[in-house]
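Report on one structure; see the data block that follows.
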Amino acid sequence: MSDFDEVRLLDVSRHFGRRRALSHVSLTARAGDILGLLGPNGAGKSTIIGALATLVAPTSGEIHYGGQRARALGDGLRRHIGLLAHELHLYPELTARQNLEFFAQLYGVHSGPAIDTALERAALADRGHEEVQGFSRGMRQRLALERSLLHHPRLVLFDEPFTGLDDHAVGIVAGRLRELAASGAIVIIATHDLDLADGLVTRVALIREGKLLSDEPAAAGLRARYRSVMGRA
Amino acid sequence: MFTRTALLVLKKDFAIEVRSREILYTTLLFALSCVLIFSIAFVKEGEPLLDAAAGILWIAVEFAGTLALGKTFERERYSETLRALLLAPAPRAAIYVGKMLGVVVLLAVAEALLVPLVALLFHAPLLAQPLLLMALVAAGTIGFSSVGTLFAAMLVRARSRDVMLPILLYPMTVPVMIAGVRGTSALMQSPADVPSAIMWIGLLASMDVVFMTIALWTFEPLMTE
């Protein structure tokens, strides 16, 4: 059984050569949380996302998924992880439908109705037969979002999910994230856009230079809090 | 799950190639140009250089294969789709096998054109022992692709990947090329030196097993950052 309702970083550090991307980070996210990893560029947010996605191995420390280490849970753990990164993980030469079908099959999802639903949610139901390379950034982003959620992951990891989206699309994505959290997913978003995070995240982890400066429930006045913590560090 | 994932990756690469035909055309054109240029250099007054055909066949395969490897992984780099593949709930080595099979199929198509062309231009009796030649070429192609796929995947995020791939790949595949050339030369003798050819095929098969084992063993740790 590889499902879990909590993910925990325990004293995780990650070095790339002499560069310290993460330094002794301990953090917990639970089902229903929308945890915002906030910090400037190069703070280590993407490294945390990569480590949680099992794509980056910590140099030291451990990551527990519901009390068990990734190694103990095996390859099946990744069935419960959905990742939307800045790069959208779509094949531009394939159509929207072909992209979704491929990833659905990869995750063992019965593709028929799931694909139709995903295309509808991405507002691309009538453009499923078109190659992704002809889509705008916003359309690709919506498609990539649905691609990452095709297999109903427990842990949803978004790295800068609002890049290139207009206000309407941002609203749709934010609504989708709230919906996911309400359905019991653990949602973790890495962003440096405080305006978008404000009012969306339920918890905030402020990170700078690989160090966790603060981990607290979200409250009004996120920008002021961010300035205060970052300025103090 | 392993086989299913590998076949899915192969099928996906095939679907992309059917739509774009980019890698197939580039690889074929490069391989054919290579052989034609060698034929201009090494065939004088209708008489080819002795035993040149075997070497030229394998050089064309190696160069075209390097091009195909680079292009195949360039696709996975563009939208970082290799990371998405690595997130699949299957052994990561299955992704390696799927990508490798794609390169093998692509090279098999190139070889289906290269072999008769080399035979024609260099008056080489390459098709005298077709089954043994097929076994030799298949074993050599698998050996080359198994190492090449591992290196190409490793270098997918490296800035100097186009330079680094041949630098890493060619020294490692020298034994495959030597066995391929010597085996092909044995088959081209009149009469064909069948025992020697079988020995070279066996050697290539052994190398395939070693290379594949190492690649399957190291792929996951190498691909985890």
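Determine the shape class of segment B:97-141: with a ≥ b ≥ c the square roots of the Cα gyration tensor eigenvalues, call it rounded for a/c under 1.5, and otherwise prolate if a/b is greater than b/c, oblate otherwise. Let's see the in-between values first.
Values: a/c = 3.90, a/b = 1.90, b/c = 2.05.
Oblate shape, in that a/c is at least 1.5 and b/c is the bigger or equal ratio.
Using DSSP to call loops (not H, G, I, E or B), can you name the trypsin sites (Lys or Arg not before Pro) in segment B:10-110 whose Cβ has at most 15 other Cβ atoms within 10 angstrom? Show your work: numbers first, answer last.
Working: sites: B:11, B:12, B:19, B:21, B:44, B:71, B:75, B:77, B:83, B:92, B:99; in loops: B:21.
Answer by residue number: B:21.
What ranking of B:200, B:217 comes out by heavy-atom accessible area, probe 1.4 Å, highest first?
Values: B:200 40, B:217 200 Å².
These residues rank, largest area first, as B:217, B:200.
Got a sec? Charge dipole of segment B:2-223, +1 on Cβ for Lys and Arg, -1 for Asp and Glu; which of B:213, B:141, B:174 is way out at the positive end?
Looking along the dipole axis, the top candidate is B:213.
Tell me the total accessible area that A and B bury against each other, 1.4 angstrom probe, in square angstrom rounded to 100. Please report the intermediate quantities before stating the final value.
Working: alone 11140 and 11490 Å², together 19860 Å².
So the buried area, both faces added, is about 2800 Å².
Quick check: at a probe of 1.4 Å, how many percent of the accessible area of segment A:127-174 sits on carbon and sulfur atoms?
49
Give the value in nm², to one decimal: projected area of the alpha carbon convex hull of segment B:2-223, averaged over all directions.
If I average the Cα hull's projected area over directions, I get 12.0 nm².
Please work out whether segment A:114-233 counts as rounded, prolate or oblate from its C-alpha gyration tensor, where a ≥ b ≥ c are the square roots of the eigenvalues and a/c under 1.5 means rounded, while otherwise a/b larger than b/c means prolate and anything else oblate? Could the numbers behind the result be given before it?
On the way: a/c = 2.54, a/b = 2.00, b/c = 1.27.
Prolate, since a/c reaches 1.5 and a/b exceeds b/c.
Relative to the longest principal axis of the C-alpha atoms of chain B, give the angle of the C-alpha long axis of helix B:130-154, reported between 0 and 90° and rounded to the nearest 10°.
Roughly 40 degrees, rounded to the nearest 10.
So, in nm, how far is label residue B:225 from label residue A:192 when the simple model puts each one 7 Å beyond its Cα toward the Cβ?
Distance between the two pseudo-spin positions: 1.5 nm.
When you look at the Cβ of every residue in A:118-124, what mean number of other chain Cβ atoms sits within 10 Å?
Values: counts 0, 0, 0, 0, 0, 0, 0.
Across A:118-124, the average partner-chain Cβ count within 10 Å equals 0.
Let me confirm one metric for peptide A:130-137, namely the mean number of other chain beta-carbon atoms within 10 Å of its residues' beta-carbons. Let's see the in-between values first.
Details: counts 0, 2, 1, 3, 0, 0, 0, 0.
Mean number of neighbouring Cβ atoms from other chains: 1.
Can you tell me the dipole magnitude for chain B around its Cα centre, using point charges on the Cβ only (Lys, Arg +1; Asp, Glu -1), in Debye to the nearest 20?
On the way: 16 positive and 16 negative charges, 152 e Å.
So the magnitude is around 740 debye.
Expected output is a single nm value to one decimal: the length gained when fully extending between residue B:210 and residue B:112, i.e. 0.36 nm times separation in residues minus the C-alpha distance. What is it?
On the way: separation 98, 0.36 × 98 = 35.28 nm, distance 2.62 nm.
This chain segment gains 32.7 nm when fully extended.
Using a 1.4 Å probe on protein heavy atoms, which residues of segment B:4-47 have at least 50 Å² less accessible area in the complex than alone?
Flagged in segment B:4-47: B:8, B:12, B:16, B:19.
Could you list log10 I(q)/I(0) for segment B:131-225 at q = 0.10, 0.19, 0.25 Å⁻¹, which the Debye formula gives when each Cα is one point scatterer?
-0.31, -0.84, -1.18
Run the numbers on segment B:193-225: which residues show a drop of 20 Å² or more in accessible area, chain on its own versus all protein chains together, using a 1.4 Å probe over heavy atoms?
Hits at the 20 Å² cut-off: B:224, B:225.
Can you compute the equivalent ellipsoid semi-axes for chain A, i.e. the square root of 5 times each eigenvalue of the Cα gyration tensor, sorted largest first and rounded to whole Å? Can you show the working numbers first?
Details: eigenvalues 169, 87, 51 Å².
After diagonalising the Cα gyration tensor, the semi-axes are 29, 21, 16 Å.
Can you find, among B:85, B:103, B:118, the residue sitting farthest towards the positive end of the charge dipole of segment B:2-223, where Lys and Arg contribute +1 and Asp and Glu -1 at Cβ?
The Cα lying farthest towards the positive end belongs to B:85.
Rounded to the nearest 10 degrees, what's the angle between the helix B:194-223 long axis and the longest principal axis of chain B, both from Cα atoms, 0 to 90?
20
Taking a ≥ b ≥ c as the square roots of the Cα gyration tensor eigenvalues, with a/c under 1.5 meaning rounded and otherwise prolate when a/b beats b/c, else oblate, which class fits segment B:1-97? Please report the intermediate quantities before stating the final value.
Values: a/c = 3.63, a/b = 2.64, b/c = 1.37.
Prolate is the answer for segment B:1-97, as a/c is 1.5 or above and a/b outweighs b/c.
Given a 1.4 Å probe and heavy atoms of the protein chains only, how would you sort B:142, A:48, largest accessible area at the top?
Values: B:142 60, A:48 0 Å².
Order by accessible area, largest first: B:142, A:48.
Sort A:91, B:170, B:25 by accessible area with a 1.4 Å probe, largest first.
Working: A:91 0, B:170 65, B:25 135 Å².
In descending accessible area the options line up as B:25, B:170, A:91.
For the protein assembly as shown, what is one quarter of the convex hull surface built on the Cα atoms, given in nm²? Provide the component values of the computation, followed by the final result.
Numbers: hull surface 95.0 nm².
Its average projected convex-hull area is 23.8 nm².
Which residues of segment B:64-110 bury at least 40 Å² of accessible area once all protein chains are present, versus their chain alone (1.4 Å probe)?
The answer is B:78, B:79, B:81, B:83, B:84, B:87, B:89, B:92 - residues whose exposure falls by at least 40 Å² when every protein chain is included.
Tell me the per residue accessible area of segment A:71-111 using a 1.4 Å probe; a whole number in Å² is fine.
Accessible area per residue, segment A:71-111: 33 Å².
What does the helix-only formula give at 222 nm for chain B: each DSSP H stretch with n ≥ 4 adding -39500 (n - 2.57), the total divided by the residues, and the result rounded to the nearest 500 deg cm²/dmol? Kindly include the intermediate steps, with their values, before the conclusion.
Values: 8 runs with 186 residues, N = 225.
Value at 222 nm, helices only, nearest 500: -29000 deg cm²/dmol.
Leaving out ligands and nucleic acids, note down the accessible area per residue over segment B:2-223 with a 1.4 angstrom probe, in whole Å². Before the final figure, lay out each step's value.
Values: 9910 Å² over 222 residues.
Accessible surface, normalised per residue, equals 45 Å².
Heavy-atom accessible area per residue, segment A:169-233, 1.4 Å probe: how many Å²? Kindly include the intermediate steps, with their values, before the conclusion.
On the way: 2970 Å² over 65 residues.
Here the per-residue accessible area is 46 Å².
Which residue, chosen from B:72, B:40, B:200, occupies the Cα position most advanced towards the positive end of the dipole of segment B:2-223, where the dipole is computed from +1 (Lys, Arg) and -1 (Asp, Glu) charges on Cβ about the Cα centre?
Of the options given, the answer is B:72.
Keeping the other protein chains in place, figure out the carbon and sulfur percent of the accessible area of chain B, with a 1.4 Å probe.
Details: 7330 of 10090 Å².
Whole-percent figure for carbon plus sulfur exposure: 73.
Rounded to the nearest 0.05, what FRET efficiency do residue A:133 and residue A:216 have when you use their Cβ-Cβ distance and R0 = 51 Å? List each step's numbers first, then the result.
Values: r = 43 Å, r/R0 = 0.83.
Once rounded, the FRET efficiency stands at 0.75.
Sort out for me the Cα centre separation of segment A:161-225 from segment B:182-222, rounded to whole Å.
Using only Cα atoms, the two centres lie 55 Å from each other.
The values are calculated or read from the model by the stated rules, or taken from the named source; none is laboratory data. Predicted, not measured: the structure shown is a model, and the values here were computed from it. No Cβ is skipped: glycine too gets one built from the backbone with ideal geometry, and neighbour counts run over all protein chains shown. Side chains are part of the model used for accessible areas, which takes the heavy atoms of the whole protein and leaves out ligands, DNA and RNA. Shrake-Rupley method; radii C 1.70, N 1.55, O 1.52, S 1.80 Å.
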